[in-house]
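Take a look at the structure below.
The values are calculated or read from the model by the stated rules, or taken from the named source; none is laboratory data. In this text the structure is predicted, and so the values were computed from the model without any measurement. Here the Cβ positions follow ideal geometry from the backbone for every residue, glycine too, while neighbour counts run over all protein chains shown. Accessible surface is based on the protein model in full, side chains and every heavy atom, while ligands, DNA and RNA are left aside. Shrake-Rupley method; radii C 1.70, N 1.55, O 1.52, S 1.80 Å.
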Amino acid sequence: MNSAFPHRHLLGIEQLSADDIRLILDEADNWLEFNRGPRRRLDRMAGLTQVNAFFENSTRTLLSFEMAGKKLGAEVVNMHVAQSSVQKGETLIDTALTINAMRPDIFVMRHASDGAAEEVAAVMDCPVVNAGDGRGEHPSQALLDALTIRRHFGRIEGLTVAICGDIRHSRVARSNLKSLTKLGAHVRLVGPPSLIPQGSEGFTNFDEGIEGVDVVMMLRIQRERMDAAMSDSLGDYHAAYGLTRDRLAKAPQAVVMHPGPMNRGVEIASDVADDPERSLILKQVEAGVAVRMAILGLLTRT
Ligand code: NCD
């Protein structure tokens, strides 16, 4: 552990202070500029082994953790879950202990169960990074979203961000709510009543929810975390909660974000997603590599 970033693992935004978050964003800002330059690789993590184990599907998170580790000079090993002993009934903890016995220097994992990364962190000797645990947290996503917003507006404090769609099943929403609030933004949760967590103050009218906001952050419907009845009850989701150009007129200054993967024509219309003036979606992807370099670098710095 280093004194500037006093955490052994990155399990959630929950455990981070506003200063911790700002430190990661400052480092990531530098990495983002570095990644745009001609030099591509460093030796910050030379001689260290990073193991990525994704028990749930991923494109950008897995690839960007892999690229981030490689850019810092680490040996990066991806566990192929579909071909692993998980398919033979090995428990998560046995898999973790097995990998731990091989002495990796950092372990990045995604899993469908809430709290999985925390359970694994309790039995491993190296730092563990939560790359998404069920409906729990997805801290690196919230950090890359914060970086994208900060680079666009020059600040986060005082902005109003509407997080829209399937809030209930979304770890991205949960982590973003925490980080944006810690950094001084106002967060509105917008979605159908069945997809807004009980007890939270949310907007069920989409037009009202996004009126005048600075950022509209769209989320995918997580059908894999719903039963059939709930999924059917959503009806014509696009008509009520899809972000179209007409709707976006309610927030004339707003930029549009989406963590991906997008379902075009469901939660977001294609012309909005592809709008070069308003959409920050590919900027988010770029920020993802830089933020993950900052995370890996901070957790392995001795
Ligand atoms: C998200 C995830 O896996 O939580 N995607 C991502 O990491 N970019 C969101 C989603 O799956 O909808």
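Given the Cα-Cα distance of Asn2 and Asp246 and 0.36 nm per residue of separation, how much length would full extension add, in nm?
Values: separation 244, 0.36 × 244 = 87.84 nm, distance 4.92 nm.
In short, 82.9 nm is gained.
How big is the dipole moment of the chain about its Cα centre under a simple scheme where the beta carbon of each Lys and Arg is +1, that of each Asp and Glu is -1, and everything else is neutral? Debye, nearest 20, please. Before the final figure, lay out the partial values.
Values: 34 positive and 39 negative charges, 160 e Å.
Computed about the Cα centre, the dipole is about 760 debye.
Out of Gly265, Leu97, Asn205, whose Cα points farthest toward the positive end of the dipole of the chain (charges: +1 Lys, Arg; -1 Asp, Glu; placed on Cβ)?
The Cα lying farthest towards the positive end belongs to Leu97.
In percent, how large is the relative contact order of the chain, given Cα pairs closer than 8 Å and 6 or more residues apart?
Once divided by the residue count of the chain, the mean separation gives 22 percent.
Run the dipole for the range 186-274 about the Cα centre, Lys and Arg Cβ at +1, Asp and Glu Cβ at -1, nothing else charged, and hand back the magnitude in debye, nearest 20. Each step should come with its number before you reach the end.
Working: 8 positive and 13 negative charges, 33 e Å.
That gives a dipole near 160 debye.
I'd like the accessible area for Thr61: 1.4 Å probe, protein heavy atoms, all chains in place, Å² to the nearest 10.
Result for Thr61: roughly 10 Å² accessible.
Might you tell me the accessible area per residue for the chain, computed with a 1.4 Å probe and given in Å²? List each step's numbers first, then the result.
Working: 13250 Å² over 302 residues.
Roughly 44 Å² per residue, with all protein chains present.
Report in % the part of the accessible area of the range 139-280 that belongs to carbon and sulfur, leaving out ligands and nucleic acids; probe 1.4 Å.
On the way: 2690 of 5810 Å².
Summing carbon and sulfur atoms, their accessible area is 46 percent of the total for the range 139-280.
Rounded to the nearest 10 degrees, what's the angle between the helix 171-182 long axis and the longest principal axis of the chain, both from Cα atoms, 0 to 90?
Tilt of helix 171-182: around 90 degrees.
Just to confirm the number: angle between the C-alpha axis of helix 92-101 and the first principal axis of the chain, 0 to 90 degrees, nearest 10?
40 degrees
Cα axis of helix 281-300 to longest principal axis of the chain: angle in degrees, 0 to 90, nearest 10?
Tilt relative to the chain: about 30 degrees.
I need the phi-derived Karplus couplings for the range 249-262: 6.51 cos²θ - 1.76 cosθ + 1.60, θ = phi - 60°, integer Hz, Gly and Pro marked x.
4, 5, 10, x, 9, 6, 9, 10, 10, 7, x, x, x, 8
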